[in-house]
Amino acid sequence: MNWNCILERVAQTESTNDDLMARWRSRELIDPVSRLAKHQTKGKGRAGRQWFAEPNSSLSFSLAYPFNQPQQFLHGLSLVCGLADALGDYLELFATKGFVPFRSQWDFWDAYRNQPVSISESGLIKQTGIAHGINEEGAFLLQEFGKAELTTIYAGDVSLRRHA
């Protein structure tokens, strides 16, 4: 596999993400594909929430990059994408070496390290404690208030905020 990304454009679709996920589930996804729609009728954001975008007012696209790694290998991927200036090069590096090459850069920019934080999901606070950065897989490390050990949090759809 290489980083030569196929670009597909369609006038309208229900969801660019659903289109690419259907290909992935049927094992038809071989190379990276970006699918761009002028208009989505049932677009989705994080955690399947409805995505609102007026026609011709925003970019509606999805990117599928088929990794040949087990799911637990991909926990740090969203963090890597947040750091990427040269996304294609970073995805290739992540595909072969995982999150490890990116950890020091993430640690340098981590504004929450050693700070009191709360973790929310769907608007509800689920956990509070002191942030201890991330592990070698990109999972968040939290020392919950009143506990000595660190809790490892593997999640892409939670919000992290400073805790008052």
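The values are calculated or read from the model by the stated rules, or taken from the named source; none is laboratory data. The shown structure was predicted, so the numbers you read here are calculated from the model rather than taken from an experiment. Glycine also receives a Cβ, built like all others from the backbone with ideal geometry; neighbour counts cover every protein chain displayed.
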| note | Among residues of the range 112-135 being of a type in the set (A, V, I, L, M, F, W, C) and over 17 Å from G76 (Cα atoms), the residue nearest to the chain's Cα centre (by Cα) is I119
| remark: Output for Cβ contacts, cut-off 7 Å, separation at least six or different chains, first residue at pLDDT 90 or above in the range 136-159, second surrounded by 12 or more Cβ atoms within 10 Å (Cβ to Cβ) and not in a strand (DSSP E or B), reads L141/N135; L141/L150; L142/L150; Q143/L150; T152/N135; T152/A139
| task | Residues being assigned to a helix (DSSP H, G or I) and of a type in the set (A, V, I, L, M): count how many of those fall in the range 92-125. | result | 3
| query | Among (1) under 12 Å from N17 (Cα atoms); (2) of a type in the set (D, E, K, R); (3) at pLDDT 85 or above, which single condition is K97 missing? | reply | (1)
| said: surrounded by fewer than 19 Cβ atoms within 10 Å (Cβ to Cβ), of a type in the set (S, T, Y) and more than 18 Å from V80 (Cβ to Cβ): is that true of T128 in this structure? | reply: yes
| note | Among residues of the range 59-89 being surrounded by 12 or more Cβ atoms within 10 Å (Cβ to Cβ) and within 14 Å of Q12 (Cα to Cα), the residue modelled with the highest pLDDT is S62
| request: Output the residues belonging to the range 132-164 that are assigned to a strand (DSSP E or B) and either of a type in the set (S, T, Y) or farther than 22 Å from G98 by Cα (or both). | output: Q143, E144, T151, T152, S159, L160, R161, R162
| Would it be correct to say that A22 is surrounded by 12 or more Cβ atoms within 10 Å (Cβ to Cβ), over 25 Å from E92 (Cβ atoms), among the hydrophobic types (A, V, I, L, M, F, W, C) and touching a helix residue (DSSP H, G or I) at 6+ places or on another chain (Cβ under 6 Å)? | no
| request: Considering only the range 3-31, state which residues are of a type outside the set (K, R) and assigned to a helix (DSSP H, G or I). | output: T16, N17, D18, D19, L20, M21, A22, W24
| note | Per the list (1) closer than 23 Å to L141 by Cα; (2) in contact with a Ser or Thr (Cβ under 9 Å, 6 or more places away or on another chain); (3) modelled with pLDDT of 75 or more, residue check on A47 breaks on (3)
